[in-house]
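Notes follow the structure.
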Amino acid sequence: MGRRRPPARRSVGALFSPPIEQRLMTSDRWLYAWAVGSVALGAASLLVPLYFVTIGGSTLLLGVLAGVAAAAGAPGAIIFGRIADRTGKRRSLVLLALALAAGATALVSLSERQWLVIAGNALLWFAAGAVAPVLTLLVTVGSPERDWPKRFATLNRYQGWGWAGGLVLGLAWTALLSGPLGTEFAQRTLLWVCAGVLVAAALSATAWLPVETAALDRPRRNRLADAIARSRRLPVRSATFPVGPGRVYWLTRSLRPRAFADRLTPALSLYFGAVACFFAGFGVFWGPLPSYLSTTLGYDSGTVFALYLVSSLGSAVCYGGAGRLAEQYDVTGLQTGGLLARAVLHPAVAVVAALFPLTALGLAVNGVVFVGIGVAWAVIAVTAASIVTRLAPPPIRGQALGLYTALSGLASGVGSVAGGWLAGYGFALTFGVAGGFVLVGAALVAVVWWRSPRATAEGVAAAD
């Protein structure tokens, strides 16, 4: 028996000479830089809407703010993803994205003009979406293909817990400083801190990112999409912001619409209709929610951050359990249950306020409702990839997952704008409509569940 070669050298030794290989075998320290950047993004994700409300933004424009932000990430991912894919300038693109995000955050903090805040927030999430596919490439450096899904999970873990840390930062900062500084100035100073954190992340990334090598990963592009399709673990941020621009890029980069349409089964089409419905409902709920919590209920910024945080953590701690349930039970049935829970929980936020107006008990009950929303999302998110994978014929599974991600982002953005408009007629109506959309989506998923054996047969037949 020959001497066993070290795994790290075997992964790239056939492609690079030893000197280049040594340079490529960099540590994962750059993931700490991205985790730091994610802290700023996590804080800004809620801070900007709260600041927008504080400077007098209407609920309609708040919905526009959320909808534009949801739509901005996908073009960023497509533009930066293609540049990174073709040129190999990954290090430069990550630094550029972090610089854009820092500049956008500073722009928001220096203005009270609502249109400028909307534009700055759009630029922020353009940059956040743009960096996603580039990071996907970086995290595979020096790793054998079989380990890529684990590497994606590692990236998600650093990003997700950084995001949760940002919500903790927002909670602590606004709770401690809103009193002595005033709400608006406390929020503005936290925006300055977020911009500084992004600059710090860029400086750290400058030292820790791998060297740029145009030849790296050139033959991997389609295999990367396949690996991402197999990697279903979602980050903590998905509890409230389910769009994944990086997945949109990789899973639709080789989309052939005519061939895809020819293999699209009735069951998969029905499921995509359900996706459009329930993500529209999610957008109707989340879009105007900061205005409802801060103006209608009178919660301070720290309390709003706390509610978002418990929802995110509720998802984070339940992803593993949801995955284990998905291995034991029918995933469409599990998702139907998760959707029914959210169809009830979205309107429940308004019901709680009506039953327990401005009381500590009402806040505690709302906290439980938000935890439930997060737990339900964990079930929905984990089962969605399995449902799409099962219903789609093998040749189009990656494209189908990409379409799911793109459709979820589009529906969520449209729902956010609609939610802002509906909020002008009352939040009880808004959250009721949100629950109604999710209920319709749950009914459509239940139909897929009822037709499950037939749907699976359709997928196999289409593959043949």
Would you check which residues across the range 29-50 are open to solvent by 30 Å² or more (accessible area, probe 1.4 Å) and among the hydrophobic types (A, V, I, L, M, F, W, C) and list them?
Val36, Val39
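Condition check: without any contact (Cβ under 8 Å) to a residue 60 or more places away in the chain, of a type outside the set (Asp, Glu) and closer than 26 Å to Thr405 by Cα. Does Leu116 satisfy that? So that I can check it myself, show each step before the final result.
Details: without any contact (Cβ under 8 Å) to a residue 60 or more places away in the chain: yes; of a type outside the set (Asp, Glu): yes; closer than 26 Å to Thr405 by Cα: no.
For Leu116, the condition - without any contact (Cβ under 8 Å) to a residue 60 or more places away in the chain, of a type outside the set (Asp, Glu) and closer than 26 Å to Thr405 by Cα - is not met.
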Condition test on Ala442, is it assigned to a helix (DSSP H, G or I), in contact (Cβ under 8 Å) with a residue 24 or more places away in the chain and open to solvent by less than 10 Å² (accessible area, probe 1.4 Å)?
yes
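When the residues of the range 375-395 are narrowed to those that are over 20 Å from the mean Cα position of the chain (by Cα) and in a helix (DSSP H, G or I), which ends up surrounded by the most Cβ atoms within 10 Å (Cβ to Cβ)? Reasoning before the result, please.
Going through the range 375-395, the residues over 20 Å from the mean Cα position of the chain (by Cα) turn out to be 390-395.
Within this subset, residues satisfying the condition of being in a helix (DSSP H, G or I) are 390-391, 394-395.
Details: Arg390: 19, Leu391: 26, Pro394: 12, Pro395: 13.
Looking at the filtered set, the residue picked out is Leu391.
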Any residue in the range 212-233 that is touching a Lys or Arg at 6+ places or on another chain (Cβ under 6 Å), at pLDDT below 75 and not in a helix (DSSP H, G or I)?
yes
Subset of the range 139-160, residues open to solvent by less than 10 Å² (accessible area, probe 1.4 Å) and either under 23 Å from Ile79 (Cβ atoms) or among the hydroxyl-bearing types (Ser, Thr, Tyr) (or both), comes to Val139, Thr140
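Identify all residues within the range 399-439 that are free of Cβ contacts under 8 Å to residues at least 12 places away in the same chain and small (Gly, Ala, Ser); write none if there are none. Break it down stepwise before answering.
Start the filter on the range 399-439 by keeping residues that are free of Cβ contacts under 8 Å to residues at least 12 places away in the same chain, which leaves 425-426, 429.
Passing the criteria: only Gly426.
Among Leu100, Leu95, Leu107, which is touching a Ser or Thr at 6+ places or on another chain (Cβ under 7 Å), in a helix (DSSP H, G or I) and more than 29 Å from Ser315 (Cα to Cα)? Explain how you work it out, then say what you get.
Numbers: Leu100 fails: touching a Ser or Thr at 6+ places or on another chain (Cβ under 7 Å); Leu107 fails: touching a Ser or Thr at 6+ places or on another chain (Cβ under 7 Å).
Going through Leu100, Leu95, Leu107 in turn, the sole match is Leu95.
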Filter result for Ala122 (open to solvent by less than 50 Å² (accessible area, probe 1.4 Å), under 21 Å from Tyr51 (Cα atoms) and among the aliphatic types (A, V, I, L, M))
yes
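Of all residues in the range 271-290, how many are open to solvent by less than 10 Å² (accessible area, probe 1.4 Å) and under 28 Å from Gly179 (Cβ atoms)?
Residues flagged as open to solvent by less than 10 Å² (accessible area, probe 1.4 Å) and under 28 Å from Gly179 (Cβ atoms) within the range 271-290 amount to 3.
Just to verify a result, which residue in the range 95-105, among those that are hydrophobic (A, V, I, L, M, F, W, C) and more than 14 Å from Ala200 (Cβ to Cβ), is most open to solvent (accessible area, probe 1.4 Å)?
Kept after step one, since they are hydrophobic (A, V, I, L, M, F, W, C), are these residues of the range 95-105: 95-102, 104.
Those still in the list that are more than 14 Å from Ala200 (Cβ to Cβ) too: 96-97, 100, 104.
On the way: Leu96: 82, Ala97: 4, Leu100: 52, Ala104: 0 Å².
Among those that are hydrophobic (A, V, I, L, M, F, W, C) and more than 14 Å from Ala200 (Cβ to Cβ), it is Leu96.
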So, first residue among the small types (Gly, Ala, Ser) in the range 346-362, second residue in a helix (DSSP H, G or I) and open to solvent by 80 Å² or more (accessible area, probe 1.4 Å), Cβ within less than 8 Å, six or more apart or across chains; the pairs are Gly362/Leu355
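Considering only the range 27-52, state which residues are acidic (Asp, Glu) and within 18 Å of Ile118 (Cα to Cα).
If the condition is that a residue be acidic (Asp, Glu) and within 18 Å of Ile118 (Cα to Cα), then no residue fits.
Quick one: which of Gly398, Gly420, Gly372, Gly415 is of a type outside the set (Lys, Arg), open to solvent by 10 Å² or more (accessible area, probe 1.4 Å) and modelled with pLDDT of 90 or more? Steps first, please.
Numbers: Gly398 fails: modelled with pLDDT of 90 or more; Gly420 fails: open to solvent by 10 Å² or more (accessible area, probe 1.4 Å); Gly415 fails: open to solvent by 10 Å² or more (accessible area, probe 1.4 Å).
Selected residue: Gly372, the only one of Gly398, Gly420, Gly372, Gly415 that is of a type outside the set (Lys, Arg), open to solvent by 10 Å² or more (accessible area, probe 1.4 Å) and modelled with pLDDT of 90 or more.
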Tell me yes or no: at least one residue of the range 51-69 is open to solvent by 10 Å² or more (accessible area, probe 1.4 Å), at positive phi and in a loop (DSSP other than H, G, I, E, B).
yes
Picked from the range 188-209 (must be surrounded by 19 or more Cβ atoms within 10 Å (Cβ to Cβ) and more than 23 Å from the chain's Cα centre (by Cα)), the residue farthest from Val117 (Cα to Cα) is Leu209
Since Ile83 meets every condition but one in (1) closer than 29 Å to Leu224 by Cβ; (2) assigned to a helix (DSSP H, G or I); (3) in contact (Cβ under 8 Å) with a residue 12 or more places away in the chain, which condition does it not meet?
(3)
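Being of a type in the set (Ser, Thr, Tyr) and either in contact with a Pro (Cβ under 9 Å, 6 or more places away or on another chain) or surrounded by fewer than 24 Cβ atoms within 10 Å (Cβ to Cβ) (or both) is the requirement here; does Thr359 meet it? Write out each step before concluding.
Working: of a type in the set (Ser, Thr, Tyr): yes; either in contact with a Pro (Cβ under 9 Å, 6 or more places away or on another chain) or surrounded by fewer than 24 Cβ atoms within 10 Å (Cβ to Cβ) (or both): yes.
So Thr359 fits the description; yes.
The values are calculated or read from the model by the stated rules, or taken from the named source; none is laboratory data. Please read these numbers as outputs of a predicted model, since none were measured by experiment. All Cβ positions, glycine included, derive from the backbone under ideal geometry; neighbour counts span all protein chains shown. Note: accessible area is taken over every heavy atom of the protein model, side chains too, but ligands, DNA and RNA are not part of it. Shrake-Rupley method; radii C 1.70, N 1.55, O 1.52, S 1.80 Å.
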